[in-house]
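Heads up, the thing below is written out as structure tokens.
The values are calculated or read from the model by the stated rules, or taken from the named source; none is laboratory data. Fair warning: this is a prediction, and the values are worked out from it, not measured in the lab. All Cβ positions, even for glycine, are placed from backbone atoms using ideal geometry, and neighbour counts span all protein chains on display.
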Amino acid sequence: MLRRILVPLDGSELAEAALPVAARLARSAGGTILLARVIRAPAEYEANLASTDAWIPPARPEERDEATAYLTRLAGWEVLAGIPTEIHIRPGPVAPLLLRLIRDEGVDFVVMTSHGRGGLSRWLMGSAATAVARESTAPVLVARANPRFTDPLPAHGVSGTPFRAIVALDGSTLAETAIQPAARLVVALSAAQPGTLCLLRVVDIAPFSAAAAYASGVPGGDDLVADARTALVREARDYLEVTAAHLRTQPYAARLTISTSVVGSADVAGAIIRAAEGDAHENGAGERADLIVLATHGHGGLRRLVAGSVAGELIGKARTSLLVVRPTAVSANARADVAGTSRTFHTEAAEAPEASETSV
């Protein structure tokens, strides 16, 4: 992870704001940065391209020359000094070409900003953004243009609060594959003091709300519904505590403060956004997060979260930066890190976490 970092660019200053955080990550791992720009193919081809397997003619020489000069100039920026860089220019449709570039060039990590103009606004504010985040074979960081990600300082935490990330979990092993990339990213961005990683599970309370309407007319029905809801919350809390205890055994966790939080909501994405924005009802302490982390596949809530319209809602509406991880992109070591978590949950008592936040 973090050996080959792709930064897609469209010529805007906001797109270029991804470079400082990419540089910080590359320095932390001795990585290489790939500067990429997708330029337009001739209109008669671009309008009909269904995939990058189709033949694409070369870009117009003047457009390629302009893109080459632009990326070469960026490669010489002081913020990238000493970091190996590569330049990649592709003509054609944005999302398919980025996905193919990620695969062909062995990209380990993608850093994109959340706003731009021209091409980047299509990537990150429309369907192409969801396609890249959902289908990328490398984790994708959608960084909002704020100083926590875009300042050129070597690390956060020199003053003020530590870097804080929320990892959204649903109880599945697939969702847990987002933990290791999240932990390593937080460590890389928090050199002065330990970063904070909050494991969050949103309990879907919609079935209980629906059942309550009928249970009220049955003797003892309200108690049965309340007991079922309490049991579900307890199971979620125990699961997070065991997951956190397992995480603390990993070498990279020595520089992390790990907490857990359970919230009840019928709106999974909305609950995650509110928790990240510091809603005290959602995450207990009312702390704002710098990053939301989620896997692109899981079961239950997370599958809806990333495979349906909610994924686009998070990218379009969440003011917090996002790290989206596809389980198939996670290394064997990362899988081994989390492989014991679900099994441990069924066979061992939960160890008490350093901090726990519960709000339902």
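Would you be able to tell me the number of residues in the range 84-105 that are buried (at least 20 other Cβ atoms within 10 Å of the Cβ) and part of a loop (DSSP other than H, G, I, E, B)?
2
Is it the case, given these coordinates, that ASP267 is acidic (Asp, Glu), farther than 20 Å from LEU294 by Cα and modelled with pLDDT under 90?
no
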